[in-house]
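Next up is a structure, given as structure tokens.
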Amino acid sequence: MKKLVLFLFAITFFNTFSQTEDAWLFLKDKPNKTSYLNNPLTMLSQRALDRRANLNISLDSLDVPIDENYYNLLKKESKITILAKSKWLNAIHVQGEVDDIRDLITNFSFIKTIEFANKSLNTSVKVTSKSKNIAPNHYKKFSKTTSDFNYGDADNQIKMLKGDFLHKQGLTGGNQIIAVIDAGFLNVNTLGAFQRIRDNNQILGGYNFADRNENFYTRDNHGTHVLSAIAGYIKDEFVGTAPDAKFYLFISEIVESETVEEETLWVEAAERADSLGVNVINTSLGYTTYDNPDHSHSYADMDGKTTFISRGAEIAASRGMLLVNSAGNSGNDSWKYIGAPADAPSVITVGAVDASRNIASFSSFGPTSDGRIKPEILGQGQHPALINYSSGEVMTSSSGTSFSSPIIAGLIACLNQNEGFLLKSPNKQKPDNFNTYLKQSVYQSSDKYNNPEDQYGYGIPNFETALNFYIGSTGSVNTNFFSELKVYPNPVKNRFSISFKNEFLNDFNIQIYTVLGKKVFEKRKINSKVVDVSILENGVYMLKISNANHYKTLKLIKN
């Protein structure tokens, strides 16, 4: 009997440790770091470098690719399969038997640590028991639940957020590039609703990371519906929230299965987006549960720094991109929480409301496991208007935070279009904080900002107010000379007055710019403290008052 017990134990032990597993190999260094940093165009496009320069974000070792020699040595290993990699995390995602993977750290001195997707195999990690805080198997990362522009059927979802105000200011996403990372973009290359962005060359390219090929008009229709919320256009029937933005379309989701490989593929897609100079990423995906339950995440993992994908999302934001992510559709489930990477601190996480501004019951709850407010904001996700991937007609039968997220992402891009002027303005004091200013302006504009709730977050944003906050947060003075200068009334109807205490100020200059940076008014060497702006159209402007050595910029509203 004792021998039988030992035999059974041996079989159990062997089966446990000979199973195929996923793991990330974290490498010790990047030997060619200096060479790459001295030749940045070998890593990033000129547009990406310009974005970094504008935001005062320095290049660093995270931007350097994984060492090619290390990668090739591991690729020759017959007992493992390489699935994906991340330069940001200096990690290679492999699959193989547990012992074979563990042997790699002995055989290759350049491997720093190994992290298994099955956390029980990581000896340094305390394993959380599989309780009600593990996401159930029916968790879905995106929902297929059915239940001036003439915006047509999209009127409510845009005007609810005051997105129409941004559009009236000319903020339609014109100088922005949005990456949509999703499950597939069936028929985007043929549907009439995307004819406008095709004719205007607004689709800059993309990649299918799931199949490792250039065909991104394939696999699934989810990304088609998501993209339509931002970029779809049918005259007098439908308009997306950023109709003039440009797009990269990336497939990272493998719909047929649910594996941790998708987390790494998403990070690869985000790295590609960064290298191409993307401004905004929309992700209507979320991860908690996998086909292998040992790989599934717990609520404790939703802390923004545990999952591989959320770690990648944080680095993506540090490169200067604005990340928008759906909160998830688990509000009615035993697992009711947001997924990853929606838990990442720098990600703008979006929940869902219906057309009447009521919270959608399916919208996932926060907070994160470390107590941060998530989701931050809400958009219409219950029966929004979208473009049907098959017919090309407008539909309102789908629901999910998958769709409130791109509605918001498009308006984030429109608001960020203002960046072009702000970054060139001489008043910028903290150029590395413009994305922080933008996010805070959006949160602060929301209807529950002072009383956030677990499912509601800060609430429904008002992008008219957000634009005012954003411009106001960037106005400043270069010296104390103009520190007490005031303009009133503001908003102004026809004339405004200027008051300042400095009695030595005689001649000064006035320039007024649109939020897009176009100069629409200028007077030089004037003495009058009353300025007539009746010729200006109603809107939001940037006012610059200066003399030879001093200036002040501030927001001016013309009614």
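Report whether or not residue 19 is of a type outside the set (Asp, Glu), out of contact with any helix residue (DSSP H, G or I) (no Cβ under 6 Å at 6 or more places or on another chain), open to solvent by 50 Å² or more (accessible area, probe 1.4 Å) and modelled with pLDDT of 95 or more.
no
Also, quick follow-up: May I ask you to list pairs of residues, at least six apart or on different chains, whose Cβ atoms are under 9 Å apart, with the first in segment 355-366 being over 13 Å from residue 160 (Cβ atoms) and of a type outside the set (S, T, N, Q) and the second being at pLDDT below 95 and not in a loop (DSSP other than H, G, I, E, B)?
Short answer, once both residue conditions are applied: 362/145.
Which of the residues belonging to segment 515-557 are surrounded by fewer than 20 Cβ atoms within 10 Å (Cβ to Cβ), aliphatic (A, V, I, L, M) and outside any strand (DSSP E or B)?
Answer for segment 515-557, where residues must be surrounded by fewer than 20 Cβ atoms within 10 Å (Cβ to Cβ), aliphatic (A, V, I, L, M) and outside any strand (DSSP E or B): 516, 533, 535, 536, 548.
Any residue in segment 432-457 that's farther than 15 Å from residue 372 by Cα and assigned to a helix (DSSP H, G or I): show its pairings with residues that are open to solvent by 40 Å² or more (accessible area, probe 1.4 Å) and of a type in the set (A, V, I, L, M, F, W, C) at Cβ separation under 7 Å, as long as the two are six or more apart or on different chains.
441/469; 444/469
Of all residues in segment 376-397, how many are of a type in the set (Gly, Ala, Ser) and open to solvent by 10 Å² or more (accessible area, probe 1.4 Å)?
Qualifying residue count, segment 376-397: 4.
Let me ask something else about it. Of all residues in segment 293-332, which are of a type in the set (D, E, K, R) and part of a loop (DSSP other than H, G, I, E, B)?
303, 305, 319, listed by residue number.
Quick check, is residue 237 within 26 Å of residue 150 (Cβ to Cβ) and open to solvent by 10 Å² or more (accessible area, probe 1.4 Å)? Even if it seems obvious, please write down each step before you answer.
Values: within 26 Å of residue 150 (Cβ to Cβ): yes; open to solvent by 10 Å² or more (accessible area, probe 1.4 Å): yes.
Criteria met by residue 237.
Mind checking which residues of segment 25-71 are open to solvent by 60 Å² or more (accessible area, probe 1.4 Å) and either outside any helix (DSSP H, G or I) or more than 22 Å from residue 273 (Cα to Cα) (or both)?
Initially, segment 25-71 is screened for residues open to solvent by 60 Å² or more (accessible area, probe 1.4 Å), giving 28-29, 31-36, 38-39, 41-42, 46-47, 50, 53-54, 56, 58, 68-69.
If the condition is that a residue be open to solvent by 60 Å² or more (accessible area, probe 1.4 Å) and either outside any helix (DSSP H, G or I) or more than 22 Å from residue 273 (Cα to Cα) (or both), then 28, 29, 31, 32, 34, 35, 39, 56, 58, 69 are the ones that fit.
Also, I was wondering about something else. I need the full set of residues from segment 81-107 which are of a type in the set (A, V, I, L, M, F, W, C) and in contact with an Asp or Glu (Cβ under 9 Å, 6 or more places away or on another chain), in order please.
The answer is 83, 84, 88, 91, 94, 98, 101, 104.
May I pose another question? Of the conditions (1) open to solvent by 50 Å² or more (accessible area, probe 1.4 Å); (2) in a loop (DSSP other than H, G, I, E, B); (3) over 19 Å from residue 85 (Cα atoms), residue 195 satisfies every one except a single condition; which number is it?
Exception for residue 195: condition (2).
Here is a list: 210, 242. Which entry is among the small types (Gly, Ala, Ser), more than 13 Å from residue 151 (Cα to Cα) and either at pLDDT 95 or above or surrounded by fewer than 24 Cβ atoms within 10 Å (Cβ to Cβ) (or both)? Lay out the reasoning, then the answer.
Values: 242 fails: more than 13 Å from residue 151 (Cα to Cα).
It is 210.
Residue-by-condition table, conditions (1) among the charged types (D, E, K, R); (2) in a helix (DSSP H, G or I); (3) within 25 Å of residue 46 (Cβ to Cβ):
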| site | (1), (2), (3) |
| --- | --- |
| 228 | no, yes, no |
| 236 | yes, no, no |
| 244 | yes, no, yes |
| 253 | yes, no, no |
| 262 | yes, yes, no |
| 272 | yes, yes, yes |
| 285 | no, no, no |
| 291 | yes, no, no |
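Sticking with this structure for a sec: Taking segment 366-421 as the region of interest, how many residues are out of contact with any Pro (no Cβ under 9 Å at 6 or more places or on another chain) and in a helix (DSSP H, G or I)?
Matching residues across segment 366-421 total 12.
What residue, among those in segment 503-514 that are over 24 Å from residue 418 (Cα atoms) and surrounded by 13 or more Cβ atoms within 10 Å (Cβ to Cβ), is modelled with the highest pLDDT?
This residue is 508.
Related question: Filter segment 297-324 for residues that are in contact with an Asp or Glu (Cβ under 9 Å, 6 or more places away or on another chain), over 19 Å from residue 62 (Cα atoms) and open to solvent by less than 10 Å² (accessible area, probe 1.4 Å) and give the result.
302
The values are calculated or read from the model by the stated rules, or taken from the named source; none is laboratory data. Since the structure is predicted, the reported quantities are computational estimates derived from the model, not experimental observations. Using ideal geometry, Cβ is built from the backbone for each residue, glycine included, and neighbour counts are taken over all protein chains shown. Calculation scope for accessible area: heavy atoms of the full protein, side chains included, ligands and nucleic acids excluded. Shrake-Rupley method; radii C 1.70, N 1.55, O 1.52, S 1.80 Å.
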